[in-house]
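First the structure, in the form of structure tokens, and then the observations on it.
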Amino acid sequence: MDLYLVGFLMCMWFSSSRVLGGYPIWWSLALGQQYSSIGSQPILCGSIPGLVPKQLRFCRNYIEIMPSVAEGVKLGIQECQHQFRGRRWNCTTIKDSLAIFGPVLDKATRESAFVHAIASAGVAFAVTRSCAEGTSTMCGCDSHHKGPPGEGWKWGGCSEDAEFGVLVSREFADARENRPDARSAMNRHNNEAGRMTILENMHLRCKCHGLSGSCEVKTCWWAQPDFRLLGDYLKDKYDSASEMVVEKHRESRGWVETLRAKYAFFKHPTERDLVYYEGSPNFCEPNPETGSFGTRDRACNVSSHGIEGCDLLCCGRGHNTRTEKRKEKCHCIFHWCCYVSCQECVRVYDVHTCK
Amino acid sequence: MRAYLALLVALSIPGYLDALHGLYAFDQPELFQKKSNCKPIPTNLLLCHDIEYTNMRLPNLLGHETMNEVLQQASSWTPLVQKQCHPDTKKFLCSLFAPVCLDDLDEPIQPCRSLCESVKSGCAPVMAAFGFPWPDMLDCRRFPLDNDLCIPPAGADALVPVTKEVPRVCDACKEKPENDNEIVDSLCKNDFALKIKVKEISYMNGDTKIIPETKTKMIYKTNGGVTDHDFRKTVLWLKDGLQCVCDELNDINAAYLVMGQKMDGNLVITSVKRWQKGQREFKRISRSIRKLQC
């Protein structure tokens, strides 16, 4: 009798931990050596945690592409940590956890919107790049050049097939966003916004192949922008994200939740904008329930009045200042041929951290 | 029985099994992979195959991403190097086509702007003569100023230049013939011959000033040319001593046979020879002086 109850409680606990684990769990692809494109071990789809059945099928059918998908998630996380490096929430990841961002993304906040967009863009970007590099036999250069060559140049090189990368990202990242609830609708929208950023920033890149570097012979191809540029763009979208409200409609398949702009007099979000419908927590103090780590001991900029300045980043609590001496290489000189010699300098830095 | 079934049900929940697989540290070294690779310089890259390093970066500094592209684009620059319009042409071009790979540096090393300007001033006219302007990809404004880490022009290196000039030996210190007649001729052309030990050497207005010790021995002096008064406070001069080398005078403790002339009131040295006691040549000198008939 009692043992049966214990078993039942264990069952509930595991279900609960599964729910509280945060999502989408497929971001754990960024973890683990065996998912890396460098590793020589074959990818075991079944061992990747958090994949829904559709993603599992995708993995097995397109195992060749999975290293690029994993690389793309990593790219997105790195870019997130760069873009938010001076913010109260700085895209911290949690070690030893499948929910690598913790519960901060459980709510439908604008932080969650950004992470979805940048991760989705990262996957599309990495897949597109690996296709152009020829690391996969399933894809390659985009051979359907759009339009005739311009005046004075011809098509050449390897035009990156961003459409294919976007297709892969859509198939994989949106696979778990087929529920009729508002959160699923929000995630699909933000994922697509991330992918759209790539398609809209493709540009012609050209090389001169003429004699002695002249441009008598010039070839051009479509190329993705630098991923940093995409990160900058999406960060602007984060800052101007549109707040929504949830509406419920009864459809033939039951209740369906959709999103509507909260303020009618504001510009309605386009498919390129990020959307959210829940407020962000105060990231000033640590709060395990919201996933906030707080800003205590964060480095801040004493001379800035912006968000990364000590006043705002430290939430008015003030900051400590200490002096650090760091040994650095300096006055490096290249000697022909061929070595570099450097002097060693001790530099003094004032380090300001939040109280 | 029931408890066993309940536990089995609990263990079969997918979340429980998934949780066992995913515990990994986020920090992975391969997150920061190097994007460029080190490749050996191929022998058919004629522009650079005999450069002083063996490995190059790919992609290179001109945006060439495959070795075939490098080979194709570099081939048209080989004739320019053969024109020898500047001693650093190859070094400059290879720093871009086949940039050097250094293990301890992640950033590529670019040519200094001064290296580019120097090669451009020498070679742009040659290219223009063949109808090619200096290309945008070699625009010198792209390259770092010389206080940054970059490949400098040859003169800026600490290495000794090959064309370094050997210092000139002072005329008075060169090896002289030693037969008796030539010694007599040499003496007759000069106003004095002294046996001295050096007390002090200094430099003034580019000349070497030699102050002998007081025990100067008069070997020879012409009649009427040099007086005893001249040797009361002897100062000897080696003309343009700063511009030339006199190894003979390096031994400050040795005795010297010095010959010279009186010019404008100064005793100017025309010959310096280390006095070696007991040597036969100096006995000959003594005998020659005795037979002197100028």
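The values are calculated or read from the model by the stated rules, or taken from the named source; none is laboratory data. Just so it is clear, the model here is predicted, and its values are computed rather than measured. Every residue, glycine among them, receives a Cβ derived from its backbone with ideal geometry; neighbour counts consider all protein chains shown. Ligands, DNA and RNA are stripped out before the accessible areas are found, and what is left, the full protein with its side chains, is counted by its heavy atoms. Shrake-Rupley method; radii C 1.70, N 1.55, O 1.52, S 1.80 Å.
Structure notes:
- Residue A:259, sole failed condition from (1) more than 19 Å from residue A:91 (Cβ to Cβ); (2) more than 14 Å from chain B (Cβ to nearest Cβ); (3) modelled with pLDDT under 90: (3)
- Criterion (within 12 Å of another protein chain (Cβ to nearest Cβ), over 12 Å from the mean Cα position of the chain (by Cα) and modelled with pLDDT under 50) met by exactly one of A:6, A:52: A:6
- Candidate set from the stretch A:188-246 (those that are of a type in the set (Ser, Thr, Tyr), free of Cβ contacts under 8 Å to residues at least 40 places away in the same chain and touching a strand residue (DSSP E or B) at 6+ places or on another chain (Cβ under 8 Å)); member that is farthest from residue A:159 (Cα to Cα): A:242
- The set of residues from the stretch A:56-69 being open to solvent by less than 10 Å² (accessible area, probe 1.4 Å) and either hydroxyl-bearing (Ser, Thr, Tyr) or modelled with pLDDT of 90 or more (or both) comprises just one member, A:69.
- Residue match in the stretch A:248-260 (condition: exposed (fewer than 12 other Cβ atoms within 10 Å of the Cβ), assigned by the TED database to the domain that holds residue A:107, of a type in the set (A, V, I, L, M, F, W, C) and more than 30 Å from residue A:68 (Cβ to Cβ)): yes
- Test: residue in the stretch B:41-49 that is within 31 Å of the chain's Cα centre (by Cα) and either within 10 Å of chain A (Cβ to nearest Cβ) or at pLDDT below 80 (or both): yes
- Residue A:117, sole failed condition from (1) at pLDDT 80 or above; (2) within 14 Å of chain B (Cβ to nearest Cβ); (3) over 30 Å from residue A:216 (Cα atoms); (4) buried (at least 22 other Cβ atoms within 10 Å of the Cβ): (2)
- Of the criteria (1) in a loop (DSSP other than H, G, I, E, B); (2) open to solvent by less than 70 Å² (accessible area, probe 1.4 Å), which one residue A:244 fails: (1)
- Scanning the stretch A:178-212 for residues that are of a type in the set (A, V, I, L, M) and on the phi > 0 side of the Ramachandran plot yields a total of 0.
- Selection of the stretch B:86-111 for residues being more than 11 Å from chain A (Cβ to nearest Cβ), hydrophobic (A, V, I, L, M, F, W, C) and open to solvent by 30 Å² or more (accessible area, probe 1.4 Å) yields an empty set.
- Answer from B:125, B:133, B:59 - the residue that is open to solvent by 40 Å² or more (accessible area, probe 1.4 Å), out of contact with any strand residue (DSSP E or B) (no Cβ under 6 Å at 6 or more places or on another chain) and at the interface with chain A (Cβ under 10 Å from one of its Cβ atoms): B:133
- Scanning the stretch A:71-93 turns up one or more residues that are touching a helix residue (DSSP H, G or I) at 6+ places or on another chain (Cβ under 6 Å), facing another protein chain (nearest Cβ under 10 Å), in a helix (DSSP H, G or I) and touching a residue at least 60 places away in the same chain (Cβ under 8 Å).
- The set of residues in the stretch A:293-312 being touching a Leu at 6+ places or on another chain (Cβ under 8 Å) and among the β-branched types (Val, Ile, Thr) consists of A:295, A:307.
- Within the stretch A:317-338, the set of residues being at pLDDT below 85 and among the aromatic types (Phe, Trp, Tyr) is empty.
- With respect to the conditions (1) hydrophobic (A, V, I, L, M, F, W, C); (2) open to solvent by 70 Å² or more (accessible area, probe 1.4 Å); (3) in contact with an Asp or Glu (Cβ under 9 Å, 6 or more places away or on another chain), residue A:293 lacks only one, and its number is (3).
- Filter pass, residue A:188 being more than 20 Å from residue A:224 (Cβ to Cβ), open to solvent by 40 Å² or more (accessible area, probe 1.4 Å) and out of contact with any Leu (no Cβ under 8 Å at 6 or more places or on another chain): yes
- Condition met for residue A:195 (modelled with pLDDT under 90 and among the basic types (Lys, Arg)): no
- All strands (runs of 3 or more DSSP E) inside the stretch B:232-286 with 3 or more residues being modelled with pLDDT of 80 or more, closer than 17 Å to residue B:202 by Cβ and open to solvent by less than 50 Å² (accessible area, probe 1.4 Å): B:236-238, B:266-274
- Just one residue in the set A:147, A:152, A:140 is part of a loop (DSSP other than H, G, I, E, B) and open to solvent by less than 30 Å² (accessible area, probe 1.4 Å); that residue is A:140.
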